[in-house]
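J.: Would you mind keeping the following structure in view while I ask a few things?
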Amino acid sequence: MAHHADIDPLSGVETTGHEWDGLQELNNPLPKWWLYVFFATVAWALVYWVLYPAWPLGSFHTKGLLGWTARSQIESDLAAGHQAQAKYLDRIAAATVEQIHDDPDLLNFALAGGRSAFAVNCTPCHGAGGQGNPNFPILADDKWLWGGTLSDIYQTIQHGIRAADDDTHMSQMPRFGADGVLKPNEINDVAEYVLSFTKKSTDAAAAGRGAQIFADNCAACHGDHGQGSLEVGAPALNDGIWQYGGDKSTIVQTVTYARQGVMPNWSKRLDDATIKQLAVYVHELGGGK
Ligand code: HEC
Ligand code: HEC
């Protein structure tokens, strides 16, 4: 820039020599505060540049003296998280499901952990939040096949139902039709009787004949009034809740072939602390006993 040491007569300040339509630019110094901030940012940038990864050099970059990387940051965050969890997980592993349930701290932790373990392992069969699916029981109600206390649920999740496990829940409804125990007309009649528990029977005569068939063949497991039995995991037939379906043809199908649903034994796949958290979570879902 050409420099003319011209002085503006009005302000007495030197001008830069730039002029637009008779207006001249004054050469005032930069404000002090602005300069200091500017120098501070330069100093900050230099320090940052030396300490942190900064300068791209083709396929790599300067690493910085601190050795910081976004990856190592995440790893140490995760490690800190695991450590915070380990404290709880150790206590959960050492406690009974009842003790976990009665300790507000552990209960909160277990409900959160149980919820996420449930979403990963259980929703494919039991539905989100345990709301059930055709062929798979609802866990979010207070009707239980094998018992709804904390320790019942813990036991069920550990060892499964009809699973390959020495301590699994075991019972087998007979294949009344397929194995020729009952004739098709008898199955029709007992199905009508089952429907009469929920006032859905449309054939009173058949339901009447079915009552004796039920007493002889079914009541041992399902109870005199179809109330079910936790002992053998026989569902109640009088509560309007159906795992396989409560229409006539589905009931005929169930009595003809039986179902023998299988619930995996999770002690083979999940650690004990996770199973305990699941038990507490499922218990809470279902308004457990
Ligand atoms: C492959 C499908 C499947 C998966 C996955 C599964 N379950 Fe089940 N579960 C079943 C079936 C089928 C039954 C009912 C068995 C029967 O007829 O008695 C059942 C029954 C249960 C019961 C007994 C309910 C009662 O009323 O007594 C509990 C508790 C349970 N499951 C919890 C779980 C949990 C927790 C998980 C995840 C860790 C899980 N299940 C994953 C299929 C599954
Ligand atoms: C040995 C015990 C036993 C006997 C006897 C038995 N059941 Fe069952 N029943 C069960 C069990 C256990 C289930 C659970 C389903 C499974 O096998 O997975 C079941 C399920 C059912 C279901 C399905 C319920 C649903 O929610 O979908 C119906 C319906 C049923 N039984 C009707 C009968 C009738 C009718 C008889 C007599 C002709 C009978 N059962 C005899 C044990 C028995």
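J.: With a point put 7 Å past each Cα toward its Cβ, work out how far residue 259 is from residue 128 in nm, to one decimal.
T.: Modelled inter-label distance: 2.4 nm.
J.: Same structure, new question: Helix 32-51 versus the longest principal axis of the chain: what is the Cα-based angle in degrees, 0 to 90, to the nearest 10?
T.: Tilt relative to the chain: about 50 degrees.
J.: Given 0.36 nm per residue, what is the gain on full extension from residue 47 to residue 19 after removing their alpha carbon distance, in nm?
T.: Result for the pair: 6.0 nm of gain on full extension.
J.: If you put +1 on each Lys and Arg Cβ and -1 on each Asp and Glu Cβ, how big is the dipole of the stretch 184-257 around its Cα centre, in Debye rounded to 20?
T.: Value, rounded to 20: 180 debye.
J.: Could you give the length gained on full extension between residue 178 and residue 30, defined as 0.36 nm per residue of separation minus the Cα-Cα distance, in nm?
T.: Extra length from residue 178 to residue 30 when fully extended: 43.5 nm.
J.: Quick one: check the C-alpha center-to-center distance for the stretch 203-218 versus the stretch 22-80, whole angstrom.
T.: 86
J.: Add -39500 (n - 2.57) for each DSSP H run of 4 or more in the chain, then divide by its residues: what number comes out at 222 nm, to the nearest 500 deg cm²/dmol?
T.: -15000 deg cm²/dmol
J.: Mind pulling the angle between the C-alpha long axis of helix 184-197 and the longest principal axis of the chain? Nearest 10 degrees, somewhere in 0 to 90.
T.: Taking Cα atoms only, the helix is inclined about 60 degrees.
J.: Which value, in Å to one decimal place, does the Kirkwood hydrodynamic radius take for the stretch 184-257 when every pair of different Cα atoms is included?
T.: 11.9
J.: Sticking with this structure for a sec: Report, in debye and to the nearest 20, how large the dipole of the chain comes out about its Cα centre when Lys and Arg carry +1 and Asp and Glu carry -1 on their Cβ.
T.: 940
J.: Okay, moving on. Under a crude label model (7 Å from the Cα following the beta-carbon direction), how far is residue 79 from residue 232 in nanometres?
T.: Computed distance between label sites residue 79 and residue 232 equals 5.8 nm.
J.: Still on this model: Which percent of the Cα-Cα distances in the chain go past 33 Å?
T.: So the pairs more than 33 Å apart make up 54 percent of the total in the chain.
J.: Ok, one more. What is the magnitude of the charge dipole of the stretch 164-289 about its Cα centre, with +1 placed on the Cβ of each Lys and Arg, -1 on the Cβ of each Asp and Glu, and no other charges, expressed in debye to the nearest 20?
T.: 300
J.: Residues in the stretch 27-45, backbone N under 11 Å from the label point at residue 8 (7 Å along the Cα-to-beta-carbon vector): list them, ranges by number please.
T.: Label zone hits: 27-29.
J.: Which of the pairs 183/248; 199/248; 143/268 have their Cα atoms more than 21 Å apart in this structure?
T.: In this structure, 143/268 lie more than 21 Å apart at Cα.
J.: Kindly express, to the nearest 10 degrees and within the range 0 to 90, the angle between helix 150-159's C-alpha long axis and the longest C-alpha principal axis of the chain.
T.: Tilt relative to the chain: about 90 degrees.
J.: Taking 45 Å as R0, compute the FRET efficiency from the Cβ-Cβ separation of residue 105 and residue 199 and round it to 0.05.
T.: With a Förster radius of 45 Å, E is 0.40.
J.: Excluding ligands, DNA and RNA, what is the solvent-accessible area per residue of the chain at a probe of 1.4 Å, expressed in Å²?
T.: 61
J.: Kindly provide the chymotrypsin sites (Phe, Trp or Tyr not before Pro) of the stretch 34-113 that DSSP labels as loop, not H, G, I, E or B, and whose Cβ sees at most 15 other Cβ atoms within 10 Å.
T.: Hits after loop and neighbour filter: 68.
The values are calculated or read from the model by the stated rules, or taken from the named source; none is laboratory data. Given the structure is predicted, the values throughout are model-derived calculations rather than measurements. Using ideal geometry, Cβ is built from the backbone for each residue, glycine included, and neighbour counts are taken over all protein chains shown. The area values use the complete protein model at the heavy-atom level, side chains included, leaving out ligands, DNA and RNA. Shrake-Rupley method; radii C 1.70, N 1.55, O 1.52, S 1.80 Å.
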